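Structure first, then comments.
Read the figures in this text as sums done on the coordinates, not as results from a lab. This one's a predicted model, so the numbers in the text were calculated from it and none came from an experiment. Glycine also receives a Cβ, built like all others from the backbone with ideal geometry; neighbour counts cover every protein chain displayed.
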Amino acid sequence: MTSAPETGTSPAAAAKERKTTKKARAGAQGAQGAHVAPAKGTSTKKAKATEKASKAAKESGGARDGSKAAKIIELLKKLNGATLAELMKATDWQAHSVRGFLSTAGKKHRLKIESTRTGAGERTYNIAK
């Protein structure tokens, strides 16, 4: 009725024997090392630039229709250009964000943006022709 083996040993001795067997296996696993994934090899393929997307962006003028960048470019194309306040209102951006966009727009959208100061001291931005 007991679950101990019928070898004449007490149940406590059988439990002790099982515990020592488990410890021996754990020690053997430590000697072999843990199950670890092998190190990755270096890839021979290199990532390719997506030329289709960049060509399409260059041909269409850069900014997507309806984007904030497109709104700014449209305002800058006006005859007198646009003031910083107008650009901020159109995009809901802060002044430093608008100025940051203007500084990078020349590179990304291939635009030459001129900045002039009006008699009232307000700065006006427009696209050079």
Handout entry: Distance (nanometres) between label positions extended 7 Å along Cα→Cβ at S10 and K40
Key = 5.7
Exercise for the section: With 21 Å as the limit, write out which pairs from K68/K89; K46/K107; K45/K107; K68/K107; K46/K108 have Cα-Cα distances beyond it, or answer none. Expected result: K46/K107; K45/K107; K46/K108
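Grab the eigenvalues of the alpha-carbon gyration tensor for the stretch 60-127, scale each by 5, take roots, and send me the semi-axes largest first in whole angstrom.
Values: eigenvalues 67, 34, 24 Å².
Output for the stretch 60-127: semi-axes of 18, 13, 11 Å.
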